[in-house]
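Structure first, then comments.
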Amino acid sequence: MGAQFYYTIEVFLNGLMAGVMYALVALGFVLIFKSSGIFNYAQGVMALFAAQTLVGIQTGLVPFSHLINAALGTDVHHFGWHIPGILSILLTTLVMIGFAWVVIKLVLKPLAGQEPIILFMATIGLAYFMEGFGDLMWGSDIKKLDVGLPQGGNFAIEEATASLGGPDFYGFYLDNLDIWAAVIATLLVVALTLFSQYTATGRALRAVADDHQAALSVGINLEKIWVVVWGVAGFVALVAGIMWGSKLGVQFSLSLIALKALPVLMLGGFTSIPGAIVGGLIIGVGEKLFEFAIGPMIGGATENWFAYVLALIFLVFRPQGLFGDKIIERV
């Protein structure tokens, strides 16, 4: 096999890694949509807020330091401690669960029974509020996120594959962070699937997804289910924030990763956890291979629009996605 073949394999593998990162964000959308029928526009900002909170807790940042300093004339920014990564993640998880409880109490419960478009608009407002609140709380500067995950190219894989394609091939370049993200995402998906299929709360979640009123009639606590789902979605956002924040830094653009999750959802379906994974892999592999094979012929930069064009094609021919439930309406 020539070097070109192995370069194609390398692009394919990197596409799989990118697809897993997209799928991580899409999972949060799926979980909330399945339980409440709400498309949570704030999911990307939740990832940003979780990453900001993680960095703030880990590095000992003083919350609202700019306001405190402006009001009291002080110059305090740090507590002077550094908390280990695992403990910081646990504390941030508790913050995201508390955030889920607040959202249910102050946003969703008062709007229960309203039209889906009203709930969708509420999540848009929530997204802008969280974005401003996060910047006010932790500052808007770009922050470095380091929880101990290895980064950079995997030299062991590169050296082991360097002899495959002859003198013009130097081995597969795979980023360690992408490899870890793929492993963690796989474990998370397996855990969520087991939770959904084999626990009482998971079965209640599926009942709520099928029919809210029927679930209430058999004694299922709808508010409790929503808190659990939003809490789990918050944890998924935290994992996505860790991966993307470690890769790109914790900054405003982190919230825009939700935009790439939309084509993933359109391909996989809004109600399917496996669909989010498969859709993410299709988008990740498709955009990398398209850029590699076709991009140079048409000027490049195809990764910016390939996913949306593919999603548009799916909307025309299969609007429910690959794994979504087909909607049948009587006319």
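When only residues in segment 263-305 that are on the phi > 0 side of the Ramachandran plot and free of Cβ contacts under 8 Å to residues at least 40 places away in the same chain count, which is farthest from the chain's Cα centre (by Cα)? Lay out the reasoning, then the answer.
To start, the set of residues in segment 263-305 that are on the phi > 0 side of the Ramachandran plot comprises 269, 299-301.
Now restrict to residues that are free of Cβ contacts under 8 Å to residues at least 40 places away in the same chain: 299-301.
Numbers: Gly299: 30, Gly300: 26, Ala301: 23 Å.
Filtering first and then ranking leaves Gly299.
Would you be able to say whether some residue in segment 307-315 is at pLDDT 85 or above and under 30 Å from Gly85 (Cβ atoms)?
So far as segment 307-315 goes, no, none of its residues is at pLDDT 85 or above and under 30 Å from Gly85 (Cβ atoms).
Among the listed residues Phe252, Phe323, identify the single one that is farther than 30 Å from Tyr6 by Cβ, open to solvent by 70 Å² or more (accessible area, probe 1.4 Å) and in contact with a Pro (Cβ under 8 Å, 6 or more places away or on another chain).
Phe323
For Leu267, state whether it is more than 27 Å from Phe133 (Cβ to Cβ), buried (at least 22 other Cβ atoms within 10 Å of the Cβ) and aliphatic (A, V, I, L, M).
Values: more than 27 Å from Phe133 (Cβ to Cβ): yes; buried (at least 22 other Cβ atoms within 10 Å of the Cβ): yes; aliphatic (A, V, I, L, M): yes.
So Leu267 fits the description; yes.
Take Ile57 and tell me if it is under 28 Å from Phe99 (Cα atoms) and in a loop (DSSP other than H, G, I, E, B).
When the stated conditions are applied, Ile57 does not pass them.
Please go through segment 63-104 and pick out each residue that is open to solvent by less than 70 Å² (accessible area, probe 1.4 Å), under 24 Å from the mean Cα position of the chain (by Cα) and without any contact (Cβ under 8 Å) to a residue 24 or more places away in the chain.
Correct list: Gly98, Val102.
Does Trp230 qualify as being open to solvent by 10 Å² or more (accessible area, probe 1.4 Å), part of a helix (DSSP H, G or I) and modelled with pLDDT of 80 or more?
Considered against the rule, which asks whether it is open to solvent by 10 Å² or more (accessible area, probe 1.4 Å), part of a helix (DSSP H, G or I) and modelled with pLDDT of 80 or more, Trp230 comes out as no.
Looking at Ile283, Ile273, Ile242, Ile257, can you tell me which residue is open to solvent by less than 10 Å² (accessible area, probe 1.4 Å), among the β-branched types (Val, Ile, Thr) and within 18 Å of Gln43 (Cβ to Cβ)?
Ile283
What number goes with the only condition from (1) of a type in the set (Gly, Ala, Ser); (2) surrounded by 12 or more Cβ atoms within 10 Å (Cβ to Cβ); (3) at pLDDT below 85 that Gly134 does not pass?
(3)
Answer yes or no: is there a residue in segment 160-176 that is assigned to a helix (DSSP H, G or I) and more than 18 Å from Met243 (Cβ to Cβ). Break it down into steps so the answer makes sense when it comes.
So in segment 160-176, the residues assigned to a helix (DSSP H, G or I) come out as 160-161, 176.
If we keep only those that are more than 18 Å from Met243 (Cβ to Cβ) as well, we get 160-161.
Yes, segment 160-176 has at least one match.
Mind listing whichever residues of segment 136-159 are in contact (Cβ under 8 Å) with a residue 40 or more places away in the chain and part of a helix (DSSP H, G or I)? Steps first, please.
Filtering segment 136-159 for residues in contact (Cβ under 8 Å) with a residue 40 or more places away in the chain gives 136-140, 142-149, 151.
Listed by number, the residues that qualify are Leu136, Met137, Trp138.
Scan segment 137-153 for residues that are farther than 17 Å from Leu238 by Cα, among the charged types (D, E, K, R) and surrounded by 12 or more Cβ atoms within 10 Å (Cβ to Cβ) and report the count.
Total meeting the criteria: 0.
Looking at segment 229-249, which of its residues are within 18 Å of Met17 (Cβ to Cβ) and small (Gly, Ala, Ser)?
Ala240, Gly241, Gly245, Ser246
The values are calculated or read from the model by the stated rules, or taken from the named source; none is laboratory data. What you see is a predicted model, and the numbers here were worked out from it, not measured in a lab. Heads up, the Cβs are rebuilt from the backbone with ideal geometry, glycines too, and the neighbour counts pull from every protein chain shown. In case anyone asks, the SASA skips ligands and DNA or RNA and just uses the protein heavy atoms, side chains included. Shrake-Rupley method; radii C 1.70, N 1.55, O 1.52, S 1.80 Å.
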